[in-house]
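A.B. asks: One structure coming up, written as structure tokens, with questions to follow.
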Amino acid sequence: MIAAVIGATGQTGELLVNRLLKDPLFQQVRILVRNPIQSTAPQLECIPVDFGDSSALKKALSGVEVLFCCIGTTLRKVRGNKVLYRSIDLEIPVRVATLGQQLGCRQFVLMSSVGADPAARNFYLKLKGETELALSAIGLESLHIMQPSMLLGKRKEPRLAEAVAKVLMKWTAPLFAGPLKKYRPIEADRVAAAMIAVVKSKMPGIHRYTYGDIMQWANELLPG
């Protein structure tokens, strides 16, 4: 298969790309980025693109059979500009998915968030919910939506508040049982593994995965 990844430089995106490159199912992995990235992997193709340029995107997506989306920003990175935030977290995935679908891409896998809801009062959860809703309306043959809670693992850019929250959530995770299980923190690498596993299932339709589902699918590639 030929896979393309947007958001390949983030925490989960990097782990996902590393896994794709080691998986014999994927003969080529394209990462769509704003700035070039050096790599020695023969099957990895780094394609700098302007996500607002439909012609460039169509060229980059030609022949792609599955799209993985791990793109995302923070209010801090966009300096509180919610319009810019929306253009990154919603408009880019929807534009890429729409063009991909037109070119014959059959599967799209989205990294979203637990609690995503277009009616939410919280800006982040509302935006994630709106993104899911917009993608669901495109008509993709398969749409897989990962809805993890807090992600565990190393980040390039340390976030103090998040680091403290991770420690607290990791120790209190056993308390999240029953309906609260979906809020348990999860390793980013397990989410990446689950994203690949669901693609291999070739299930048509729209599917959402929270903690228990993600763990189950991740174990297909990452036992234990």
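A.B. asks: Rounded to the nearest 20 Debye, what is the dipole magnitude of the chain about its Cα centre when Lys and Arg each give +1 and Asp and Glu each give -1 at the C-beta?
C.D. replies: Roughly 600 debye, rounded to the nearest 20.
A.B. asks: Further question: Among the listed pairs Lys22/Lys200; Lys58/Lys126; Lys126/Lys200; Lys126/Lys181; Lys77/Lys202, give every one whose C-alpha distance is greater than 24 Å.
C.D. replies: Correct reply: Lys58/Lys126; Lys126/Lys200; Lys77/Lys202.
A.B. asks: Tell me what the chain gives for mean residue ellipticity at 222 nm when only DSSP H runs of n ≥ 4 count, each as -39,500 (n - 2.57), the sum divided by the residue total, rounded to 500 deg cm²/dmol.
C.D. replies: Details: 8 runs with 85 residues, N = 224.
Taking each H run of at least 4 residues, the total per residue is -11500 deg cm²/dmol.
A.B. asks: About the Cα centre of segment 50-115, how large is the charge dipole given +1 on each Lys and Arg Cβ and -1 on each Asp and Glu Cβ? Please answer in debye to the nearest 20.
C.D. replies: Dipole magnitude for segment 50-115 comes out near 240 debye.
A.B. asks: Rounded, prolate or oblate: which fits the chain when a ≥ b ≥ c are the square roots of the eigenvalues of the alpha-carbon gyration tensor, with rounded for a/c under 1.5 and prolate only if a/b beats b/c?
C.D. replies: Working: a/c = 1.42, a/b = 1.27, b/c = 1.12.
Rounded, because the longest to shortest axis ratio a/c is under 1.5.
A.B. asks: Can you give me the relative contact order of the chain as a percent, contacts being Cα pairs under 8 Å and 6 or more apart?
C.D. replies: Numbers: 412 pairs, mean separation 41.5, N = 224.
Result for the chain is 19 percent.
A.B. asks: What's the local net charge at Thr98, with K and R +1, D and E -1, over the other residues with C-beta under 12 Å away? Walk me through the numbers on the way to the answer.
C.D. replies: Working: positive: Lys58, Arg95; negative: Glu91.
Around Thr98, the surrounding residues sum to +1.
FYI, it's all coordinate maths here, none of it is from the lab. Owing to the predicted nature of the structure, the values given are computational and were not obtained by experimental measurement. Note that we place each Cβ from the backbone using ideal geometry, even for glycine, and neighbour counts take in every protein chain shown.
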